[in-house]
Amino acid sequence: MNPVTAAAQVTELVSRRPVGQSLQAPFYVDEEFHHLDIEAVFTRHWIFVATEAELPEPGDYATVTLGTYSVILVRDDDEDVRAFHNVCRHRGTRILGEEHGSVGNIVCGYHRWTYGVDGKLLHVESQAPGFDPTCFSLRSVHVRTVAGLVFICLAEEPPEDFDEVATRIEPYLAPHNLAKAKVATQTDLIENGNWKLVMENNRECYHCTGHPELQSCYFPIYGYQEQDIPPVLRSTYERYQQADAEARKTYESLGLPYAEIEELDTRTTGFHIHREPLDLAGESYTSDGTAACKRLLADFPTARLGRLSLHMQPNSWCHFMADHAITFSVIPLARDRTLLRTTWLVHADAVEGADYDLDTLTKVWKATNDQDAVFVARAQRGVSSPAYLPGPYSPTEYQVEAFINWYITRLKAHLEQQR
Amino acid sequence: MNPVTAAAQVTELVSRRPVGQSLQAPFYVDEEFHHLDIEAVFTRHWIFVATEAELPEPGDYATVTLGTYSVILVRDDDEDVRAFHNVCRHRGTRILGEEHGSVGNIVCGYHRWTYGVDGKLLHVESQAPGFDPTCFSLRSVHVRTVAGLVFICLAEEPPEDFDEVATRIEPYLAPHNLAKAKVATQTDLIENGNWKLVMENNRECYHCTGHPELQSCYFPIYGYQEQDIPPVLRSTYERYQQADAEARKTYESLGLPYAEIEELDTRTTGFHIHREPLDLAGESYTSDGTAACKRLLADFPTARLGRLSLHMQPNSWCHFMADHAITFSVIPLARDRTLLRTTWLVHADAVEGADYDLDTLTKVWKATNDQDAVFVARAQRGVSSPAYLPGPYSPTEYQVEAFINWYITRLKAHLEQQR
Amino acid sequence: MNPVTAAAQVTELVSRRPVGQSLQAPFYVDEEFHHLDIEAVFTRHWIFVATEAELPEPGDYATVTLGTYSVILVRDDDEDVRAFHNVCRHRGTRILGEEHGSVGNIVCGYHRWTYGVDGKLLHVESQAPGFDPTCFSLRSVHVRTVAGLVFICLAEEPPEDFDEVATRIEPYLAPHNLAKAKVATQTDLIENGNWKLVMENNRECYHCTGHPELQSCYFPIYGYQEQDIPPVLRSTYERYQQADAEARKTYESLGLPYAEIEELDTRTTGFHIHREPLDLAGESYTSDGTAACKRLLADFPTARLGRLSLHMQPNSWCHFMADHAITFSVIPLARDRTLLRTTWLVHADAVEGADYDLDTLTKVWKATNDQDAVFVARAQRGVSSPAYLPGPYSPTEYQVEAFINWYITRLKAHLEQQR
């Protein structure tokens, strides 16, 4: 009953988190931690929010919501992506209401204050004497693009290691030509669970028997060390090893980087990247593993490239195949509600109906997302019980532990700084 | 994280509010300020809640909700309007559930406790020994009527200057005969914004290009000083001046008061009253400016009377034309939700279908209200962003500043008293 | 504005509650009291949650929700009812999502952790070295069955007087053979009021003129002392006395206990039990008082047994007739929302359509529940007004006072213990 102790309790819970176990309940269910997560994670780190393909032309914009922030991403006349707070400098009105669109200038519909796509205030009617428009530009937000992926950072001083990470992942991503792709479709799924449960769910395949569609084309050995492969997955593992040997030859002949880099909790901008084969036809996330889009993303001599997978802390994962790419962005909406935005990208010139069919393209991951949403909702309800006790992660869940460890490290750093 | 400091922060925000700028975010988005507004403004001041026309006969009642209060307005046998808390003195049950109706006695449906329309407890079955019914009358609420408008005050000691204000505005309103009018229709619009954003929106016409229907019959020069009229409104302003000169002659010949009184932030019961012309036919708020009701509100020799407009702090504005009147009452529902109740009144003997048509009568203000609700919702979302900074009011928004100044003065007085 | 004082205010409100009056508003409307009620009442006392008839066979289960707790009731292989927290010991996932069902083992669908119906962890894939399954059984919950009624207690040390109460009520209930009955139907009604208003409503018949269906078959003199019977109920009371004299003869000839025991607020597990006649045909809660089910619950020589009524603190009441039984369980969902679960039970071999018809069986209490929900919602809205003052209970509401007195005693004991 005494909220004054809350801050102390938060610090205590963070500093005493036992390694190798799921988090204690307050991390998933308390309002206090929701605010802390927004403050210490989502407004301090680089957050994956969109793809460049959503803004193909100058004047094209997307608006993204992050907590109570709304941010405009807009392609300027130099074809660069810029980011501004979606807040009029007059009386604070949200300026752009749509998620995507195209503008000449950015005009607030309330009192017609008019800004350029560079954020400068161009026109105001009825000004007070001495009014200086140069003091009322839209407030800018840090933005970076990496091979077609758009990241923003709401902090005044973004984490410094992002450039290094960008330099290391760009050679893996660039061959897939994402900056010139187009959005085939995008889905928003609201999951009834804390955002960390959504991320934990993504970081292990211990639950993959619950994903029949995914299992058919994917080697569900993710997270297993060789010695821990359960008997039921033993033959799958052998098939994987053979496919992997073949794939490496292809990657080398095409000059595609494939070495696994795993720095999930050893740096501020934690990430994991890896190129590896898919099962069956080995081309794409489809029922039979064949490409879902005839027009490949780039001028690849074969579609059999498996998947290049990128996991970034705190909120994203992406898969790049020969024929299409899928990006996933996780945004907390409330302590127990999370937005999962999934974007399917194909070559800009691919024609729906001729080169690809949306159902085939999206079937595996739409089903997988829906199944995961059920797991996450059940997890949220379970950890909300006062009878919940943190339990042990199994060895195959080591990337869950890495995510949680990264998260706890971030919280510690933030709380330390707050003192 | 430390709510103990909240009270101090509130006092700080109130005492340091910079003149000429929109309020800081907490005033619009914090729970704390919502409660403070109810406490310091809505349960302390005279609030416009209804029109006498809603209670034509003895026994007719209306219930009004204000925060968690529910108040019964009822016309008693002497034809006076009385106000009581809508709470049974037995176990606290809300007695009347409908918004409007007619009763002989006021009977609680739960255990049949029965009160007269004067609030006295008349009948109880199964009484404890020594039970004294005179101790269990309905609790009364201060109520005042002014030329057909009904105001309540939930404070024990209502602001003392209301009588003086009533005396000054009554001569303006009385000719429109509102006490004998009838309600043609009433709409409840729930706006997704703080009540102060709804009021601010009403106090300026800087945004009126967003109101095409209103603009057609209304001179959108409200709030502009002559020297600030923008070029685009210059010809409108000249037309206004001509219409105003003509109108004054009419007002004088009919003995209708028209001098502007503007005491919006210089007294406890702040108000502004003004009679001025309308555009086009100049008779009413309709597409072509002609009267919407053939039967005028009173025995006026002409319908070309423009509008008598009354603005009262904290929650109302009204327009009185020759043919009809419109009242607007603003009631906070939550920090980000507000009820706007709009009532159209015509002569009690006017016949729908013959004398007036509801669509014609309501078209301009229904459209205007809907447009304003969009502006208010966008403003609420915008000021909710941590990136929002208060911005400067333009000269044409001086009545917004007057409203905010009145509001801050009220809060200061309340916080001072609380010490 | 200072939540630090809340705990002190709670203690003050509890310790100073005036006898004979309804509670002060915070008990019904504050979040603080909602949490206190869950903590001091619902997770500390024996709570009626289900009937054995809902779990006829080994492996049959029901899940019950109590605040943020979810509990599995399951019949084990020895045909005993067991209770476990519905929380996986791995990462806390809610295991069973349905309200009723049947299982071999209890399997968490997320990562396939598998428990027996005795709660033991039987199987886990991918274990960490040194993982000891015996440390990860489902956490058990105290459970007791009394003549077919299922009670749980979430406290580590349940109230000790339950055994004594069970011993005293079992002889009354046993003849109705509930353990061998079946559920004819079950309804969940969410009432828009605090759970205590739902209970208070049940503990008096002062409001029974609001229940026309119930009044027809029921003697609405519940709660009246002979000297307080109002004139309007005088002839009913005489009819009741005659029926009661007849009924006692029947009860004695059949060896059915009927003496009233009223220990509602004089012990931890407060209760009231009484067997008395019904009006009209005197057999059941139906429009004409005749049995709703031809197949009686037991081998009674007559259906004219009136009703055996059991009231238990804090959350239940039940009626047992010759032909059917009805149980009511009240579970708080929020400070102003309460679940009322009503279960109609008939002999396990009774056939719907032949022996009974659901509409006839449920008509009286479905109507009564709906009417009560309206009263409760009005009461909640009324006590939410700052103008609400606690009012006096009438003599006929003495069991409401007993409920409130029991409740306040519990809160005092809990707060004392917390010091």
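Side notes on the structure shown:
- Cross-link partners of A:Lys120 among aspartates and glutamates (Cα-Cα below 20 Å; sequence separation of 8 or more within a chain): A:Glu57, A:Asp60, A:Asp76, A:Asp77, A:Asp78, A:Glu79, A:Asp80, A:Asp132, A:Glu156
- For A:Ile261, inter-copy label distances in nm, listed shortest first [label point 7 Å out on the Cα-Cβ vector]: 7.6, 7.6
- Listed by chain and number, the lysines whose alpha-carbon sits under 20 Å from that of B:Lys180, ignoring those within fewer than 8 places in the same chain, are B:Lys294.
- Overall dimensions of chain B, expressed as equivalent-ellipsoid semi-axes from the Cα gyration tensor (√(5λ), whole Å, largest first), are 36, 30, 18.
- Long-range HN-HN contacts of B:Tyr115 with modeled amide H, under 5 Å: B:Ile106, B:Val107, B:Cys108, B:Leu122
- Calculated on the Cα set of the range A:161-392, radius of gyration then Dmax: 17.8, 57 Å.
- For a straight C-alpha distance cut-off of 27 angstrom, the lysines reachable from C:Lys196 (same-chain residues fewer than eight places away being disregarded) are C:Lys363, C:Lys366, C:Lys412.
- Computed label-point distance, nm, for sites B:Asp370 and A:Arg337 using a 7 Å Cα→Cβ extension: 2.6
- Ordering C:Gln24, C:Ile326, C:Leu345 by Cα displacement along the dipole of chain C toward the positive end leaves C:Gln24 in first place; charges were set at the Cβ atoms of Lys, Arg (+1) and Asp, Glu (-1).
- Net lengthening on full extension, B:Ser102/B:Thr114 (0.36 nm per residue, minus Cα-Cα): 2.8 nm
- Inter-chain neighbour count for B:60-68: the average number of beta-carbon atoms from partner chains within 10 Å of each residue's beta-carbon is 2.
- Taking other Cβ atoms within 10 Å as a rough exposure proxy, B:His414, A:His324, A:His319 sort from fewest to most as B:His414, A:His319, A:His324.
- A cut-off of 5 Å between modelled amide H atoms, ignoring neighbours fewer than 5 places along the same chain, links C:Asn86 with C:Ser70, C:Val71, C:Ile72.
- Gain upon complete extension [A:Gln242, A:Ala7; 0.36 nm per residue less C-alpha separation]: 79.3 nm
- Value of [θ]222 nm, deg cm²/dmol, for chain B, DSSP H segments ≥ 4, -39500 (n - 2.57) each, nearest 500: -9000 deg cm²/dmol
- Distances between copies at B:Lys180, taken between label points 7 Å from Cα along the C-beta direction, are 8.2, 8.2 nm in increasing order.
- Kirkwood Rh, Cα atoms: Rg over Rh of the range B:105-229: 1.14
- Taking amide hydrogens as placed 1.01 Å from N in the peptide plane, the amide H of C:Gly270 sits under 5 Å from those of C:Gln313, each at least 5 positions away in sequence or on another chain.
- Computed FRET value (nearest 0.05) for C:Asp77 with C:Thr360, which takes r as the C-beta separation and R₀ as 35 Å: 0.35
- With a Förster radius of 51 Å applied to the beta-carbon distance between B:Val351 and B:Leu389, the computed FRET efficiency rounds to 0.40.
- Inter-part distance where the range B:298-325 and the range A:185-246 are each reduced to a Cα centre, Å: 71
- The protein assembly as shown shape via C-alpha gyration tensor axes, a/c threshold 1.5: oblate
- Whether the range A:263-348 is rounded, prolate or oblate, judged on the alpha carbon gyration tensor where a/c under 1.5 counts as rounded: prolate
Each reported figure results from applying straightforward, stated rules to the coordinates on display, with no laboratory input. Since the model is a prediction, treat every value here as computed from it, not as a measurement. Cβ sites come from the backbone with ideal geometry, for glycine too, and all protein chains shown count toward neighbours.
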